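Visitor: Mind having a look at this structure? Questions to follow.
The values are calculated or read from the model by the stated rules, or taken from the named source; none is laboratory data. Keep in mind it's a predicted model, so treat the numbers as computed, not measured. Cβ: placed from backbone, ideal geometry, glycine included. Neighbour counts: every protein chain shown. Heads up: the accessible areas ignore ligands, DNA and RNA and are worked out on the full protein's heavy atoms, side chains in. Shrake-Rupley method; radii C 1.70, N 1.55, O 1.52, S 1.80 Å.
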Amino acid sequence: MTCSACRTAKDLPFAFSMAFQPIVRPSTGEVFAYEALVRGPAGEGAASVLGAVTSENRYAFDQQCRVKAIELAARSAPAASRLSINFMPNAVYEPRACIRLTLETAQRVGFPVDRIIFEFTENEEVDTNHLLNILRTYRSIGFATAIDDFGAGHAGLNLLAKFQPDIVKLDMDLIRGIDHDRARRVVVKHTLAMLAEFGITAVCEGVETAGEVAVLRDLGVDLIQGYVVARPAFESFEAVRLAA
């Protein structure tokens, strides 16, 4: 099974690499997964790379991000670590055809498919039926799936009613300052209850202060990601700073 984009994808005209940021259980300090975040070849910020992505090279970029993340994780990640990879739904033309390089890479470097999480952001506008086809295909292959930036983009509750991913990452704008904002606490509390009823694992991202951690613990949050734990580490997998 092939598609025209898979057959004609060219090498990228620019170099890039990855940084990795842990998702952690604050109760124990255990790392649940590491998210791969694009960086320049010498650790430059994501904007230096994403500004070079165009409609012509988007497919190749999406494919090579997967390859780079898996190769680095296989080489350096702690044993049994999960790897979360962001993907661009609009760069996936036919899910089973476009996943072949990912599967080949994982097999080549010995990284188990069931330790890979594919997450997409709500901020990219995409046809819902196309997205659902991707997510269902990835789940059938054995990947975990995640919605990133939940509450900030196009998909929201309508998508959640049609497909329940393994993980939902609550947008940082809901989390920032939650220890001083009752409205945010109410929204997060009820969002967590809804996700729990669906059997979906919740992650709160963008957590920066001990006060935010304390409130999230009180709300029953089991997984967090943010500077209070660790900043993204260029081409490496850092130990966390958060005390158990």
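Visitor: Search the range 36-53 for residues being touching a residue at least 12 places away in the same chain (Cβ under 8 Å) and not in a loop (DSSP other than H, G, I, E, B), and hand back the single one that is surrounded by the most Cβ atoms within 10 Å (Cβ to Cβ).
Guide: So the residue we want is 36.
Visitor: Picking from 87, 61, which residue would you name as being out of contact with any Gly (no Cβ under 8 Å at 6 or more places or on another chain) and under 13 Å from residue 18 (Cα atoms)? Explain how you work it out, then say what you get.
Guide: Details: 87 fails: under 13 Å from residue 18 (Cα atoms).
So the residue among 87, 61 that is out of contact with any Gly (no Cβ under 8 Å at 6 or more places or on another chain) and under 13 Å from residue 18 (Cα atoms) is 61.
Yes/no per residue for (1) over 27 Å from residue 139 (Cβ atoms); (2) surrounded by 17 or more Cβ atoms within 10 Å (Cβ to Cβ); (3) in contact with a Phe, Trp or Tyr (Cβ under 8 Å, 6 or more places away or on another chain); (4) not β-branched (Val, Ile, Thr):
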| site | (1), (2), (3), (4) |
| --- | --- |
| 162 | no, no, no, yes |
| 187 | yes, no, no, no |
| 194 | no, no, no, yes |
| 198 | no, no, no, yes |
| 207 | yes, yes, yes, no |
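Visitor: Right, here's the next one. So which residues in the range 159-182 are of a type in the set (Asp, Glu) and within 15 Å of residue 216 (Cα to Cα), if there are any at all?
Guide: 171, 173, 179, 181 - these are the residues of the range 159-182 that are of a type in the set (Asp, Glu) and within 15 Å of residue 216 (Cα to Cα).
Visitor: For the list (1) more than 18 Å from the chain's Cα centre (by Cα); (2) at pLDDT below 95; (3) more than 27 Å from residue 103 (Cα to Cα); (4) charged (D, E, K, R), I need the number of the one condition that residue 185 fails.
Guide: Single failed check for residue 185: (2).
Visitor: Could you check residue 176 against (1) in contact (Cβ under 8 Å) with a residue 60 or more places away in the chain; (2) of a type in the set (D, E, K, R); (3) closer than 28 Å to residue 45 by Cβ; (4) open to solvent by 20 Å² or more (accessible area, probe 1.4 Å) and say which number it fails?
Guide: Among (1) in contact (Cβ under 8 Å) with a residue 60 or more places away in the chain; (2) of a type in the set (D, E, K, R); (3) closer than 28 Å to residue 45 by Cβ; (4) open to solvent by 20 Å² or more (accessible area, probe 1.4 Å), the lone unmet condition for residue 176 is (1).
Visitor: Condition first: part of a strand (DSSP E or B), among the small types (Gly, Ala, Ser) and either farther than 25 Å from residue 75 by Cα or over 21 Å from the mean Cα position of the chain (by Cα) (or both). Now tell me which residues in the range 188-244 satisfy that. Give the steps one after another, and end with the answer.
Guide: First pass over the range 188-244, keeping only residues part of a strand (DSSP E or B): 201-205, 224-225, 233-234.
Filter again for among the small types (Gly, Ala, Ser), leaving 202, 233.
Listed by number, the list holds a single entry, 202.
Visitor: Given the condition closer than 29 Å to residue 222 by Cα and not β-branched (Val, Ile, Thr), answer yes or no: does some residue in the range 93-110 qualify? Talk me through it step by step, then tell me what you get.
Guide: Looking only at the range 93-110, we keep the residues that are closer than 29 Å to residue 222 by Cα, and these are 106.
When the remaining residues are screened for being not β-branched (Val, Ile, Thr), the result is 106.
Yes, that holds for at least one residue.
Visitor: Could you say which residue among 33, 19, 80, 15 is over 20 Å from the mean Cα position of the chain (by Cα) and either buried (at least 21 other Cβ atoms within 10 Å of the Cβ) or aliphatic (A, V, I, L, M) (or both)?
Guide: Details: 33 fails: over 20 Å from the mean Cα position of the chain (by Cα); 19 fails: over 20 Å from the mean Cα position of the chain (by Cα); 80 fails: over 20 Å from the mean Cα position of the chain (by Cα).
Unique residue meeting the criteria: 15.
Visitor: With the checklist (1) closer than 17 Å to residue 97 by Cα; (2) among the hydrophobic types (A, V, I, L, M, F, W, C); (3) at pLDDT 95 or above in hand, flag the one item residue 131 doesn't pass.
Guide: Going through the list (1) closer than 17 Å to residue 97 by Cα; (2) among the hydrophobic types (A, V, I, L, M, F, W, C); (3) at pLDDT 95 or above, residue 131 breaks only (3).
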